[in-house]
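I have placed the structure first, in the form of structure tokens, so that the comments after it can refer back to it.
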Amino acid sequence: MPYRRIKWLILWMPTLTIAMWEYFRHTLLLPYLSMDLGNLLAPVIVLTVTATLGRKLFQMLEQTSESLQKEKMAKAAFMEREQLARELHDGISQSLFLLSVKLDKLEHAQDNERIQETKEQIRQTVRHVYEDVRQSIAGLRSQPSITDVQWMESVSAMAEEFRLGGLAVKLDWQLTESALSSKEKVELLAIVREAMLNVRKHAAATLLIVQ
């Protein structure tokens, strides 16, 4: 039973119960029940129905809520891993292709200066691939984003790694949990992580600001 329908049933259950009781009371039981006895039985019947049927509905509501929460978390995890697959393609695969090109260049290099320059470029590319792989593994191990703290945890951790590497990072994050959907959060974090990695790889910057 849909979550919203259960909530409406719980809300309308006392009203429907008293309406049905009054209907049967006036159409069938009026000759056998006095007005005072009927008024006395009304709250007892409402309480009995609410205690039995309402308890069942609350159990169904809790089960439906848990199911929806699990489905939401599974969907968030799937989207994160789908985004991770795109990152692997856009980051690691491109770096490996670049590495292949540089190795070909190394094979055809003649003078020692050009050979040393190409070797250093290859070392840089290998380091970038290593960083991409490490970030991807961290993404697989992390839980789907639920709260603001967990949401920004990966970006904060990456910023700390950058600081240890000598790149100053300033985070100015003002978006609230309710501002974006789960899908938008996953996509935004993927964009931020990719942009931060690109700055470290290509910008030769001393300060990175995420605002």
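Only the coordinates and a few stated rules stand behind these numbers; no lab work does. Since the model is a prediction, treat every value here as computed from it, not as a measurement. Backbone-built Cβ (ideal geometry, glycine too); neighbour counts: all protein chains shown.
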Which of 56/185; 7/72; 105/201; 102/201 have a Cα-Cα distance over 26 Å? 56/185
Would you please put 43-49, 27-33 in order of how densely packed they are, using the mean number of other Cβ atoms within 10 angstrom per residue and starting with the highest? 43-49, 27-33
Quick check: net charge around residue 64, other residues with Cβ under 12 Å of its Cβ, Lys/Arg +1 and Asp/Glu -1? +1
First measure r as the distance between the Cβ atoms of residue 201 and residue 75, then evaluate 1/(1 + (r/R0)^6) with R0 = 45 Å and state the FRET efficiency to the nearest 0.05. 0.90
R0 of 41 Å, Cβ-Cβ distance residue 134-residue 65: FRET efficiency to nearest 0.05: 0.65
